[in-house]
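Just below is one structure, and these are the notes that go with it.
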Amino acid sequence: METAPKPGKDVPPKKDKLQTKRKKPRRYWEEETVPTTAGASPGPPRNKKNRELRPQRPKNAHILKKSRISKKPQVPKKPREWKNPESQSGLSGAQDPFPGPAPVPVEVGQKFCRIDKSRKLPHSKAKTRSRLEVAEAEEEETSIKAARSELLLAEEPGFLEGEDGEDTAKICQADIVEAVDIASAAKHFDLNLRQFGPYRLNYSRTGRHLAFGGRRGHVAALDWVTKKLMCEINVMEAVRDIRFLHSEALLAVAQNRWLHIYDNQGIELHCIRRCDRVTRLEFLPFHFLLATASETGFLTYLDVSVGKIVAALNARAGRLDVMSQNPYNAVIHLGHSNGTVSLWSPAMKEPLAKILCHRGGVRAVAVDSTGTYMATSGLDHQLKIFDLRGTYQPLSTRTLPHGAGHLAFSQRGLLVAGMGDVVNIWAGQGKASPPSLEQPYLTHRLSGPVHGLQFCPFEDVLGVGHTGGITSMLVPGASEPNFDGLESNPYRSRKQRQEWEVKALLEKVPAELICLDPRALAEVDVISLEQGKKEQIERLGYDPQAKAPFQPKPKQKGRSSTASLVKRKRKVMDEEHRDKVRQSLQQQHHKEAKAKPTGARPSALDRFVR
Amino acid sequence: MTANRLAESLLALSQQEELADLPKDYLLSESEDEGDNDGERKHQKLLEAISSLDGKNRRKLAERSEASLKVSEFSVSSEGSGEKLVLADLLEPVKTSSSLATVKKQLSRVKSKKTVELPLNKEEIERIHREVAFNKTAQVLSKWDPVVLKNRQAEQLVFPLEKEEPAIAPIEHVLSGWKARTPLEQEIFNLLHKNKQPVTDPLLTPVEKASLRAMSLEEAKMRRAELQRARALQSYYEAKARREKKIKSKKYHKVVKKGKAKKALKEFEQLQKVNPTVALEEMEKIENARMMERMSLKHQNSGKWAKSKAIMAKYDLEARQAMQEQLSKNKELTQKLQVASESEEEEGGTEDVEELLVPDVVNEVQMNADGPNPWMLRSCTSDTKEAATQEDPEQLPELAAHEVSASGAEERPVAEEEILLREFEERQSLRKRSELNQDAEPASSQETKDSSSQEVLSELRALSQKLKEKHQSRKQKASSEGTVPQVQREEPAPEEEEPLLLQRPERVQTLEELEELGKEDCFQNKELPRPLLEGQQSERTPNNRPDAPKEKKEKEQLINLQNFLTTQSPSVRSLAVPTIIEELEDEEERNHRQMIKEAFAGDDVIRDFLKEKREAVEASKPKDVDLTLPGWGEWGGVGLKPSAKKRRQFLIKAPEGPPRKDKNLPNVIISEKRNIHAAAHQVQVLPYPFTHHRQFERTIQTPIGSTWNTQRAFQKLTTPKVVTKPGHIIKPIKAEDVGYQSSSRSDLPVIQRNPKRITTRHNKEEKL
């Protein structure tokens, strides 16, 4: 079986493997024999609901799934027909009605192409060209293979549709729970924990385990699907944040004084005193880094695989209590009280970028899984969505009646904001589009003010921590329906987990590779290249790659006299000189042409401007 | 040869003798003393002297004047005999002897052969040998070139090199030896045989084979001849056409055209009688031609020639006539063909309807314009154009509206209103016109009419609504301007305007801004709020004079920033409002805002950010190097600065770096520092065939890991270049391996092994 990759731009490097979301992988015979089992089988994304309350919803989904595949435009990417004259005529003389491999839709294949053909190449020699052609052919082949295996991603995301004109935001959780199957309905629950104050929560990367910590020291971890408690302790200290490390076996808890690490039985493994007064935690799974933001204004990166502190960066912006990570490039986003959001990498002592987002302080930051959009909310009650692809400009802005204190993105790009005791969820048009803030997709009121938010990976579930405990909400269409069994398998056994752990450690990405554009690592370091060239020239005393000066060819019949040789040389030199002058003139023209429009129309009143 | 020459010289001499009397006499007088013998000799000498004058035989031969024992062997000459000495002569004894005959023969044979050239020296011989050997070897080796190239470009080489696997034999060949044994099989085969179905070779049934054989050789030949003939005829015709096309005579072409036209008319008339449907098609063609004529400006008296004629027309009868002629031609061309319509009018009114729909305005005008005054004509034509444009009312007004909107969008909302009004009017007129049109139209298109009118109506409604809304919003704005302390009102904007608001921020009515406007209301761009603080600050800073434009730019940036931050965003429409604020929403909110305002009154976020950015930009700029030595070449001391000229002279300006990434992003500071740790993992040297880094980058852009690829693709991408099978001997490549015949006797190995053989062969040749 082939795994279907995702293009690097869309998701962080991770495998997406075809699997159903149900516990038992569906077999091909199941659909034929017991079509209803698909609906009855406990499946997380069965939250699809129509206002019509069609009981056969899951069954319909099956039909839909099939039709989707057949609906795909069958545009052949390359009508490859390997015609073998001998094989064409069998014993019966019958021919294959579909010769060659199955055609692949162009747009699907295009999705997996990584070579940026928009940048023009300088003229290349024949040998270089052949290499480039080979690379392009390789890319095409691999992309076709990837596109073909996309067929194996059978699961569809859930959705919620109102009758025409009906607002989906009016649909409350009770209605959804009523409409979905029992297994999905079981995923909506409330934990009433009024005693130990507002809760922070965190799902493990597989989406199977949930850890939460109350302000007054209550820490617990459980397999939330089966509701099996793993551990429950009281650390007798204020808990500021809680986070799973690479697997559900380890748990980092930011306590009042220091950072503590517990295992899944609640045994304290480490107390890290170099990270003190930590307010927020983030774990970078591919780098095995635990990023901590502290009251003292330090952003500390702790390598959990070797237990070393990789970098301690002083943000010079006072207390840090707003942090999120960009899952695409593992850059940490910090929100500050002066309205800016700064982007950090452990390799750099200063922020990679600083974005002025709000007039007041920044209250919450969240970045979507493709690393394209960043949502921020500030003290000025505004919620903004920024484009992170180089422009850092707000795409949409909304003023909320009471600014959002917590923000989170789901795997499929839904945005949730916690405002007081209300949770609002916005959805976009498609997967790659930003959530449109015009109308909320869902709203829900909780029993207390929100203190922590996270969408559960691979489940259409939103976990909300508040003063009254924990609420698990059903949000249809929130998460990725197909998971990669080799990367984050919710149903993995202990052995599988251990094996995965070893592999993940072997593939650990060095911390210093974190930068704004991860694709830049696949580029040649031009600066050192140039420097090397310069050094070589210095060493040799001449430029080995320089163009040889023109040497006139000897000619016969007395035309090769010294004077004529000099004349010919001069001709060539003059031509080159003219070319240079022409080029520089053109550049000047370009510059002028560019400079003119920026000048804007001068006004007569400009003379009064000082 | 020499004898001839001598004879010639003698002849010449005899002629000359008479001319040169004097010297001869003189010579003779001298020689008379010594005697006759002496004289003869002298005469001979003279002859020789003269003969040597012609320059070819200058060599002075030593002369033996007296007998002596010493005879120089070098001065032996065959002078007297007048011939060259031949070797055989030396052998010739006084008496001929037969024993010498053989030697003579041998000698003559030697003589018949050409002289042998000097043998080359050793180095040169060796060089030649090397060259020859090289060429031969290169030729022999060149047959390996494709093999080498193939192996170099191969994705994978597996050693030891295997021979090609035999192709899998098709199943027919396998089954050819198979025979039916069981009764069922036999039955089936019997059936197949009966129906003459192919049993082993399933490609063609006998019928098909027969059909393949059907075309005979003669037939094919005939067909070929036919084709040839057709081709030849075509080429003749083409040549003819080409020739005729090249004829420059206008008259000729005129005649040809007329002839063609006449012919076409005749044919058309004939067609009408014979085949009316085809005639109709022809008609359409003619109609098309008419349309073209009507569209073009040909024969409309609008060309250069026509204009010049129009000037002349007042005085010149001929010019007038020419113009008239042209116009009449136009009329003729644009006239509707009456022949067909007359007959068809009686049959059905379809054409009639069309005529009604599209009144032939142009023609009418032309009819009127038959008068002699060309000026009238011109005006008329322009009229017609207008009419034509009026005819399709959709295009022009729309265009105009577009233009107006394009210009108006930059001006003011008032202009927009005007546009809206105008649009409204235009639509009204459009509607009227369309109604008229529809009135004229027969009832066949009832449905379309209804729908279109409905559309128009709905559009009108929407427009009027928009207008109303605009007015309302204007009013609201006015009122808000009146009440100063209202800050950043969040008015629930109507749904339709939201995108507009997002794009182009509405003016923000803040207290600050109003003050500003009071102070300096000279800014042309009303929509952009002016930053008060920044302006004042720039005034205060002492060194803002020299870099005024920069300051301005910064200001612009600031404006953008301010704009960007104060964009009034639409408030969210939420069903569930947080409980805390639900009560006393308005008051609470206002209080809250006030509180925030107070809390952040001191720190202007934007100003701080701009300052920070400016500092970052300054820090990242390369620094100039100042090499001035104070007091060098001029007076120095406390309070004395080196002159500006000196400073300019010794200031080394740093080259301007590439533009910052955040140059055009006012709200962002992007660090320009390089990530050295990451750079250590990047490629720093370009590998061989690449000359530019972008070329190489393209080849490494596709990831090869299994994380990003399917298993198959991953395996293919990571196949090793060379695979060796363990336990096998890898032998050097042989010609048989690649499919060459082994003609190795004359091949490379032989030459390489004994290169001496060639040289010996050469030597042999030389010896021969």
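Some points to look at:
- For the chain pair B and A, the buried solvent-accessible surface (1.4 Å probe, both sides summed) amounts to about 8600 Å².
- Distance from region A:170-193 to region B:616-662 (C-alpha centre basis), Å: 72
- With a cut-off of 10 Å between beta carbons, the residues surrounding A:G403 carry a summed charge of 0, where Lys and Arg count +1 and Asp and Glu -1.
- Computed from label points 7 Å out along Cα-Cβ, the spacing between B:E226 and B:E656 is 7.8 nm.
- Accessible surface, per residue, of region B:271-320 when the full set of protein chains is kept, probe 1.4 Å, Å²: 77
- Counted residue by residue at 0.36 nm each, then reduced by the alpha carbon distance between them, the extension gain from A:Q110 to A:F98 reaches 2.0 nm.
- Against the rule of thumb 2.2 N^0.38 Å, how large the Cα Rg of region A:168-492 comes out: 0.92
- Taking the chain by itself as reference, region B:643-668 contains these residues with an accessible-area loss of 10 Å² or more in the full protein complex (1.4 Å probe, heavy atoms): B:L665, B:N667, B:V668.
- Flagged links, alpha-carbon separation over 32 Å, of A:K111/A:K533; A:K308/B:K673; A:K117/B:K673; A:K145/A:K308; B:K611/B:K653: A:K111/A:K533; A:K145/A:K308
- Taking amide H positions as modeled 1.01 Å from N, with prolines and chain starts lacking one, the residues under 5 Å from A:G371 and 5 or more places away or on another chain are A:Y328.
- Distance distribution P(r), region A:337-419, all Cα-Cα pairs, bin width 5 angstrom from 0: 3, 16, 25, 26, 19, 8, 2, 0 percent.
- Volume per residue that the Cα convex hull of region A:477-561 spans, once the total is divided by residue count, Å³: 295
- FRET efficiency, A:T226 to A:E163 (Cβ-Cβ, R0 41 Å, nearest 0.05): 0.70
- In a DSSP loop and with at most 12 other Cβ atoms within 10 Å, there are no chymotrypsin sites (Phe, Trp or Tyr not before Pro) in region A:215-270.
- With a simple spin-label model that places each label point 7 Å from the Cα along the Cα-to-Cβ direction, the separation between B:E238 and A:N256 comes to 10.1 nm.
- The phi-based Karplus calculation (6.51 cos²θ - 1.76 cosθ + 1.60; θ = phi - 60°) puts the 3J(HN,Hα) values of region A:138-151 at 4, 4, 4, 4, 5, 5, 5, 5, 4, 5, 5, 7, 5, 4 Hz, whole numbers, x for Gly and Pro.
- Rg/Rh ratio calculated on Cα atoms of region A:501-540 (Kirkwood radius): 1.26
- Loop-located trypsin sites (Lys or Arg not before Pro) in region A:379-411 whose Cβ has at most 13 other Cβ within 10 Å (DSSP): A:R389
- Taking a point 7 Å out from the Cα of A:V581 in the direction of its Cβ, the residues of region A:541-573 whose backbone N falls within less than 18 Å of it are A:569-573.
- Per DSSP, loop GluC sites (Glu not before Pro) in region A:478-544 with at most 14 further Cβ within 10 Å: A:E507
- With a simple spin-label model that places each label point 7 Å from the Cα along the Cα-to-Cβ direction, the separation between A:V509 and B:S249 comes to 8.6 nm.
The values are calculated or read from the model by the stated rules, or taken from the named source; none is laboratory data. If you're wondering where the values come from, they're calculated on a predicted model, not measured in any experiment. Neighbour counts are summed over all protein chains in view; Cβ atoms, including those assigned to glycine, are modelled from backbone coordinates with ideal geometry. These accessible areas exclude ligands, DNA and RNA; they are computed on the full protein's heavy atoms, side chains included. Shrake-Rupley method; radii C 1.70, N 1.55, O 1.52, S 1.80 Å.
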